[in-house]
Amino acid sequence: MSMMRISTFIFATNLLLAQVSNPAISATASAPSPIRFEDIAARSGLHFIAQNSPTPKKNQIETMLAGVALLDYDGDGYLDIYLVNGAAIPSLKKESPVYWNRLFHNNHDGTFTDVTEKAGLAGAGYGMGVAVGDYDNDGRPDIFLANVTGNQLFHNNGDGTFTDVTEKAGLSGAKMDGKKMWSTAAGWFDYNNDGLLDLFVVNYCQWEVDKDPYCSLKSGVRAYCHPKLYASLHSTLYRNNGDGTFTDVSQETGIAAHMGKGMSVSFADYDGDGFLDAFVANDTTPAFLFHNLGGKRFEEVGVQTGVAYAPDGSTLSGMGSDFRDVNNNGFPDIWYTAVEHESFPLLINSKHGDFDDRTVASGLQTTSGMSGWGNGMFDFDNDGWKDLFVARANVMDNISELIPARHYPEPNSIFRNLGNGKFQDVSSTAGPDFQIEAAHRGVAFGDFDNDGRIDMVVTVLGGQVKLLHNITESNNHWILLKLVGTKSNRMGIGAQIHITTEDGRSQWNEVTTSVGYASSSDSRVHFGLGASHLIKDMEVRWPSGIKQTLHDVAVDRVLTVEESSK
């Protein structure tokens, strides 16, 4: 523990009321309490509607909005909320404040205040995704916006305001055939381990306003067109130059050689070689897994590793994705969403450089009747096993006109990890607010009240945003880790954490903000600990290659760990 500064914020846990045994510890343990949420957006002052400007011409962008981010922009220890918004059609401009992106400050008492105007974060153009990362290592999170129109980078000034530095940074967006590519999502990661966060931007398809083909569900009923009618694009990789500028290295790194319809990107070191790899969920084109070859080039290995297609060889309508260890064996797995009739693939890392499709074996074949957007793997009941959440809604806003039994709005779903390779749909017991159908899209995960339970913010297309407060009753323990890099990037993105609790169980997780669809989650790393009162050993493997070990770590608190010098 030498050369390490550890600061802690200790929070009372007496709000965890019900005594619950952990079923993963003993076969004779009693049934766990339900995972439950309540939507407190209205009473918390979080008022926001994602304005997609629907038109009779069914512009493809109208059904794709939008992302959300959780970040502590002012460094007060509490998560704030940033929501991405659309624009008027056909101008694709924010013609009034109704189209502004919005930043809400966390008041520490369960309420939020709109500080958009003061912060200078209204944005411009028709938005899609958001990615949070400290690109200049000044200790303050910055915001990148992936837009249909010009992308934007906002630098955090440290005084509650942000400055648009897009032009200087060179991040307004790559072009194809002379036109700026439609960007849907983005993620920050340090692909070459130089201590600077680089930017991966996911692009969707070639599109122009009011020029979509005419597609119909049935005679006289126009609908959004199938993605196959649009030409694919490649993703864009920007290398951080360390001086506030970025260089497009998509060609030289091999990223630009692969065309798809990207919807999300997530990062993990799937083969343990010390370099972060990137998974891209594509819509109706094969998914990509970009294997990082030593921080210089990427090899696309989706087919070889078994992640490109469904087991029957078909392509999937990939949406949101998460890339982390879900079965506690030390190897990151992949879970991503798709549309009805396809199911949401759970791809388990075989430890031998490829993945096994365990969708059916895990009990997730029931997702074939769902359409999903944002998603994530988080331990919502703190039992030591990561559960699965998906923000659901159909793509077609008039699907019921063709098939009355199907609805455009859908309820969200949550699947409890049983710790034996199986997942159980526990949505029906997650509370009355959880049952409400809506056109859900993006979701960001984080503990906004620092009580040790993971909460969620879910955007609704054309509807009021949801703030799903986790009210699961449990005596299970937890820890939240805020990593501070010194030689590595300041946010510690890409750092891997391995913990062993007093009962001998192990867990792995990592620092990332790139989770789900078009959204950015809390960079702090959460572990549910079950009945364990102590973490015996905690190893942090930093992107720099430095390894640190902590012993006998107290739980039920937020812990800040700074990277040591060796």
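The values are calculated or read from the model by the stated rules, or taken from the named source; none is laboratory data. The model shown is predicted, which means the values in this text are computed figures rather than measured ones. No Cβ is skipped: glycine too gets one built from the backbone with ideal geometry, and neighbour counts run over all protein chains shown. For the accessible areas, the whole protein counts, side chains as well, though only heavy atoms, and no ligand, DNA or RNA atoms are used. Shrake-Rupley method; radii C 1.70, N 1.55, O 1.52, S 1.80 Å.
Structure notes:
- Residue, farthest from R140 (Cα to Cα), within segment 475-486, restricted to residues that are touching an Asp or Glu at 6+ places or on another chain (Cβ under 6 Å) and assigned to a loop (DSSP other than H, G, I, E, B): N476
- Scanning segment 459-474 for residues that are part of a strand (DSSP E or B) and either of a type in the set (D, E, K, R) or touching an Asp or Glu at 6+ places or on another chain (Cβ under 7 Å) (or both) yields K466, L467, L468, H469, N470.
- Residues satisfying the stated conditions in segment 79-109, i.e. in a strand (DSSP E or B) and closer than 18 Å to R43 by Cβ: D80, I81, L83, R102, F104, H105, N106
- Scanning segment 343-353 for residues that are open to solvent by less than 30 Å² (accessible area, probe 1.4 Å), closer than 15 Å to A268 by Cα and in a loop (DSSP other than H, G, I, E, B) turns up just one, S350.
- Counted residues, segment 123-139 - those being open to solvent by less than 20 Å² (accessible area, probe 1.4 Å) and outside any strand (DSSP E or B): 4
- Yes/no for A66 being surrounded by 20 or more Cβ atoms within 10 Å (Cβ to Cβ), under 21 Å from N412 (Cβ atoms) and modelled with pLDDT under 95: yes
- Within segment 162-176, residues that are more than 17 Å from L103 (Cβ to Cβ) have Cβ atoms under 9 Å from residues that are in a strand (DSSP E or B) and open to solvent by 60 Å² or more (accessible area, probe 1.4 Å) in these pairs: G170/D248; A174/D248, counting only partners at least 6 apart in sequence or on another chain.
- Failed criterion for S314 (all others in (1) open to solvent by 40 Å² or more (accessible area, probe 1.4 Å); (2) in contact with a strand residue (DSSP E or B) (Cβ under 7 Å, 6 or more places away or on another chain); (3) of a type in the set (S, T, Y) hold): (2)
- Scanning segment 269-297 for residues that are surrounded by 24 or more Cβ atoms within 10 Å (Cβ to Cβ) and under 26 Å from N329 (Cβ atoms) yields Y270, L276, D277, A278, F279, V280, A281, A287, F288, L289, F290, N292.
- Scanning segment 298-311 for residues that are open to solvent by 40 Å² or more (accessible area, probe 1.4 Å) and modelled with pLDDT of 95 or more yields E299, V303, Q304, Y309.
- Applying the criterion of at least 2 residues that are among the charged types (D, E, K, R) to the strands (runs of 3 or more DSSP E) found wholly in segment 232-328 leaves 297-300, 321-324.
- Here S428 fulfils each of the conditions (1) open to solvent by less than 50 Å² (accessible area, probe 1.4 Å); (2) part of a helix (DSSP H, G or I); (3) out of contact with any strand residue (DSSP E or B) (no Cβ under 6 Å at 6 or more places or on another chain); (4) not aliphatic (A, V, I, L, M) apart from (1).
- D356 meets all of the listed conditions (1) over 20 Å from F189 (Cα atoms); (2) open to solvent by less than 40 Å² (accessible area, probe 1.4 Å); (3) in contact with a strand residue (DSSP E or B) (Cβ under 7 Å, 6 or more places away or on another chain) but one, namely (2).
- The condition (being at pLDDT 95 or above, among the aromatic types (F, W, Y), touching a strand residue (DSSP E or B) at 6+ places or on another chain (Cβ under 7 Å) and open to solvent by 10 Å² or more (accessible area, probe 1.4 Å)) is satisfied by just one residue among F389, F380, F448: F448.
- For M456, the requirement of being in contact with a Leu (Cβ under 8 Å, 6 or more places away or on another chain), in a loop (DSSP other than H, G, I, E, B) and surrounded by 23 or more Cβ atoms within 10 Å (Cβ to Cβ) is not met.
- Count of residues meeting criterion [open to solvent by 30 Å² or more (accessible area, probe 1.4 Å) and farther than 20 Å from D273 by Cα] in segment 492-522: 6
- Pick from segment 196-218, criterion among the hydroxyl-bearing types (S, T, Y) and not in a strand (DSSP E or B), ranking: surrounded by the fewest Cβ atoms within 10 Å (Cβ to Cβ): Y214
- Contact map, segment 401-412: residues that are aliphatic (A, V, I, L, M) paired with residues that are at pLDDT 65 or above and surrounded by fewer than 15 Cβ atoms within 10 Å (Cβ to Cβ), Cβ distance under 9 Å, separation 6+ or inter-chain. Pairs shown: L402/K218; L402/V221.
- Taking segment 79-93 as the range and being in contact (Cβ under 8 Å) with a residue 40 or more places away in the chain and within 18 Å of V465 (Cβ to Cβ) as the test, the residues that pass are L79, I81, Y82, L83, V84, N85, G86, A87.
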